[in-house]
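The values are calculated or read from the model by the stated rules, or taken from the named source; none is laboratory data. Remember, predicted model here, so these are calculated numbers, not experimental data. Reconstructed Cβ throughout: ideal geometry from the backbone, glycine too, with neighbour counts over all protein chains shown. Only protein heavy atoms, including side chains, enter the accessible area calculation; ligands, DNA and RNA are left aside. Shrake-Rupley method; radii C 1.70, N 1.55, O 1.52, S 1.80 Å.
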Amino acid sequence: QVQLVESGGGSVQAGGSLRLSCTNSGRTFSRQAMAWLRQAPGKERELVAVISWSGDSTAYRDSVKGRFTISRDNAKNTVYLQMTSLKPEDTAVYYCAAKFYTGQNVGVLTQFDYWGQGTQVTVSS
């Protein structure tokens, strides 16, 4: 069982920062690659960042490289998304997702098995 709960969303001015957290409160957490995805109204859901189960490898979509950092603390069953230099185009509902994956090539992952409910991030100009 994997149960993901996101927190940390909110409203921020352009150029500001937010840190999102996602905690797995379920019973299964081993070897889960974790990801953040987002969806703006009327737009497709898009992958933001992925991190391997060990935290040794990450992947980001081009538009957030250099601004967002994904990390995890397995002792806390938690993954984070540190977002800096936020732009209005970052406004979306951000979802935490997980997939059993033992490899390090997390850049190939596009589909995930478990999802949180999402947390709203709003960036004003």
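Which stretch or stretches of the range 81-96 have amide N atoms under 16 Å from the point lying 7 Å from residue 5's Cα along the Cα→Cβ direction?
Residues 96 fall inside that zone.
Straight-line reach from residue 99: which aspartates and glutamates have Cα under 17 Å away, leaving out those fewer than 8 places along the same chain?
Within the straight-line cut-off, residue 99 pairs with 6, 46, 56, 73, 113.
Can you check what the net charge comes to around residue 12, using other residues whose Cβ is under 12 Å from the Cβ of residue 12 (Lys, Arg +1; Asp, Glu -1)?
+1
Please compute the net charge surrounding residue 49, taking Lys and Arg as +1 and Asp and Glu as -1 over other residues with Cβ under 14 Å from its Cβ.
Here the count lands on +4.
Would you mind calculating the gained length between residue 115 and residue 30 on full extension (0.36 nm times residue separation, minus the Cα-Cα distance), in nm to one decimal?
Here the segment from residue 115 to residue 30 would lengthen by 29.0 nm.
Test of understanding: what is the full-extension gain from residue 124 to residue 71, defined as 0.36 nm times their sequence separation minus their Cα-Cα distance?
Residue separation times 0.36 nm, minus the Cα-Cα distance, leaves 16.5 nm.
Using just the C-alpha positions of the chain as equal point scatterers, what log10 of I(q)/I(0) does the Debye formula give at each q in 0.11, 0.12, 0.17, 0.19 1/Å?
The computed values of log10 I(q)/I(0) come out as -0.32, -0.38, -0.78, -0.98.
What accessible area per residue, rounded to a whole number of Å², is obtained for the chain using a probe radius of 1.4 Å?
51
Give me the net charge for the shell around residue 58: Cβ to Cβ below 14 angstrom, other residues only, Lys and Arg +1, Asp and Glu -1.
Values: positive: 61, 65, 67, 72; negative: 56, 62.
Net charge in that neighbourhood comes out at +2.
Counting only protein heavy atoms and using a 1.4 Å probe, what share of the accessible area of the range 46-125 belongs to carbon plus sulfur, as a whole percent?
Percent of accessible area from carbon and sulfur atoms in the range 46-125: 46.
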